[in-house]
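Here's the structure we're looking at; comments come further down.
The values are calculated or read from the model by the stated rules, or taken from the named source; none is laboratory data. Every value quoted in this text rests on a predicted model; they were computed, and no experiment measured them. Note that each Cβ is placed from the backbone with ideal geometry, even for glycine, and that neighbours are counted across all protein chains shown.
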Amino acid sequence: MQQSIKAASEKFLASIRDKTLTVISHFDTDGITSAAIIARTLSRLKKKFSIRILKQFEPSILEEIKNDVVLFLDLGSSNLKKIAQLNSQSNKEVFVIDHHEITDEVPGNIVVINPQLHKGEEISASGLTYLFCKEICQPGHIQELAKLAVLGMVGDMLDQELSKLNNEILKDAEVIIKKGLLLYPATRPLHKALEYGSGLYIPGITGNSRGVFDLLAEAGIRKENDSFKSLIDLSEEEMSKLLTAVLLRKKDSKDIIGNIYLLRFFNKLEDARELSAMINACSRLGNPEIAIALCLNNKKARSKAEEIYANYKQQIIQALNFVEQNKIEGKGYVIVNAKDMIKDTIIGTIISIISNSKTYPVGTVVVGLAYDNDKIKASARICGRDGRNVRQVLEFATKDLPEVECGGHPFAAGCLVNKNFEQNFINNLHKAMELEVVKI
């Protein structure tokens, strides 16, 4: 894997020596942090570049780009054939740094860095971008960007089983790791984390202030100096009592305890999960430039990001309340057709929260649909990352439909479908789910 990164970095440096570069990255935390890492690195190398942030891959993108070198980050792996066809017409030098599933043969006119090609360990696109930048920049000038790779890793939930490469990045970032309840922000007062935080969806607690205070009273956790402690400041006894109270409200105790990653940001110890979520919120609510500026330590961006994040959390709670009343449950699956009641940019986040909530058995497929102008954005997740390949489920449900874009992982995937075929798509989803049940 590292030899592949080194070879690609050498070719990349040669390509941009006397040419301008366009960076195209995905709009989630992993994509934003990848873009910030490459932006800081290229600036230090005094290279000219532009950045575009996309919700999803757009086939016409290469036709719109005037620069001679194109770098895709956190997207492109499921569209290599289309990229190659377009590139044969425009004759650009194209690089792809991504970790999503590769569905085509890698064309000869594209340089791809992807762990899928090496049957290697899981690593985020931001992690790959960081390792790539270590090869093209002086190590002392790049190590501070390791914390951005950690935020991308956490954002893509690749921190549960740490690989050798991820451990290398954590070491570079000088991350403090503590064990505790996987609820964030772990650095803020506990009652706020329980009500508005994320990481754990707790029935009757998340979004419910009265439920929060009942839970804390039950756990025997009281205010000190007119405020509750933060999660990371709880004693072992307090953590144990809190855990017991949470377990009484959840059906499944698996994966509710894990690593809490703390890192220095703006000269303050921060919860990596909260920062990751804040970056994600900015981008998904239409402010990717603020998300990138936040990654690059812009203080004004931090203030704006906090306002956006507060609004984002309110939208998440409203969306979760909507889902409770508007979900279709079948044998081994749940479908939420939100139409225009949930933004297309946050439907994936909602489905991730539901799939990680332990509300449904391991192997349950959760699919959310939301309108995106004249299209439908579908996001699919598997509960517990064990069971059906949700990317294949979406591919089956869309195989007879026109104007479709699919991509992702076996446990987290998405697609775009023309809105005119909404009912066809929903019918096909039901068939795809039932077909899988029969196969099992």
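Applying the condition of being of a type in the set (A, V, I, L, M) and touching a His at 6+ places or on another chain (Cβ under 9 Å) to region 114-140 and asking which residue is nearest to LEU73 (Cα to Cα) yields ALA125. Pairs are defined by a Cβ separation below 6 Å, a sequence spacing of at least 6 or placement on different chains, a first member in region 1-16 that is within 17 Å of VAL69 (Cα to Cα), and a second member that is surrounded by 13 or more Cβ atoms within 10 Å (Cβ to Cβ) and among the basic types (Lys, Arg); the pairs so defined are ILE16/LYS47. Just the residues that are assigned to a helix (DSSP H, G or I), surrounded by fewer than 24 Cβ atoms within 10 Å (Cβ to Cβ) and touching a residue at least 24 places away in the same chain (Cβ under 8 Å), please, taken from region 153-167. Result: LYS164, LEU165, ASN166.
For (1) buried (at least 24 other Cβ atoms within 10 Å of the Cβ); (2) modelled with pLDDT of 95 or more; (3) among the charged types (D, E, K, R), each residue gets a yes or a no:
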{"residue": "TYR261", "(1), (2), (3)": "yes, no, no"}
{"residue": "LYS268", "(1), (2), (3)": "no, no, yes"}
{"residue": "ILE279", "(1), (2), (3)": "yes, yes, no"}
{"residue": "CYS282", "(1), (2), (3)": "yes, yes, no"}
{"residue": "GLU289", "(1), (2), (3)": "no, yes, yes"}
{"residue": "ASN297", "(1), (2), (3)": "no, no, no"}
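Summed over region 29-76, the residues that are surrounded by fewer than 24 Cβ atoms within 10 Å (Cβ to Cβ) and outside any strand (DSSP E or B) give a count of 24. Which one is farthest from the chain's Cα centre (by Cα) among residues in region 346-384 that are polar (S, T, N, Q) and buried (at least 21 other Cβ atoms within 10 Å of the Cβ)? Checking each candidate, the answer is THR364. Evaluate region 217-237: report whether one residue or more is within 18 Å of LEU200 (Cα to Cα), in contact (Cβ under 8 Å) with a residue 60 or more places away in the chain and surrounded by 15 or more Cβ atoms within 10 Å (Cβ to Cβ). Scanning region 217-237 turns up no residue that is within 18 Å of LEU200 (Cα to Cα), in contact (Cβ under 8 Å) with a residue 60 or more places away in the chain and surrounded by 15 or more Cβ atoms within 10 Å (Cβ to Cβ). Of all residues in region 322-333, those that are under 13 Å from ILE426 (Cα atoms) have Cβ atoms under 8 Å from Cβ atoms of residues that are part of a loop (DSSP other than H, G, I, E, B) and not small (Gly, Ala, Ser), 6 or more apart or on another chain, in TYR333/THR364. Among the residues examined, PRO203 qualifies as within 30 Å of the chain's Cα centre (by Cα) and surrounded by fewer than 15 Cβ atoms within 10 Å (Cβ to Cβ). Only one entry of ILE350, ILE354 meets the criterion of being part of a helix (DSSP H, G or I), in contact with a Ser or Thr (Cβ under 9 Å, 6 or more places away or on another chain) and among the β-branched types (Val, Ile, Thr), and that entry is ILE350.
If you check GLY407, GLY387, GLY414 for being touching a Gly at 6+ places or on another chain (Cβ under 7 Å), crowded, with 17+ Cβ neighbours inside 10 Å and assigned to a loop (DSSP other than H, G, I, E, B), only one passes: GLY387.
When residues in region 307-345 are screened for being surrounded by fewer than 14 Cβ atoms within 10 Å (Cβ to Cβ), over 21 Å from the mean Cα position of the chain (by Cα) and over 19 Å from LYS358 (Cα atoms), 2 of them pass.
Screening TYR184 against (1) surrounded by fewer than 21 Cβ atoms within 10 Å (Cβ to Cβ); (2) at pLDDT 85 or above; (3) within 17 Å of the chain's Cα centre (by Cα) leaves a single unmet condition, (1). Within region 63-86, residues that are under 20 Å from GLN392 (Cβ atoms) reach partners that are part of a strand (DSSP E or B) and at pLDDT 85 or above with beta carbons closer than 6 Å, at six or more positions or on different chains, in the pairs LEU75/HIS26; GLY76/VAL96. Only one of the listed residues (ALA193, ALA217, ALA186) is part of a helix (DSSP H, G or I), of a type outside the set (D, E, K, R) and over 20 Å from LYS358 (Cα atoms). That residue is ALA217.
Of the residues making up region 101-152, those that are in contact (Cβ under 8 Å) with a residue 40 or more places away in the chain, farther than 12 Å from THR41 by Cα and assigned to a helix (DSSP H, G or I) are PRO115, LEU117, ALA125, SER126, GLY127, LEU128, LYS147, LEU148, ALA149, VAL150, LEU151, GLY152.
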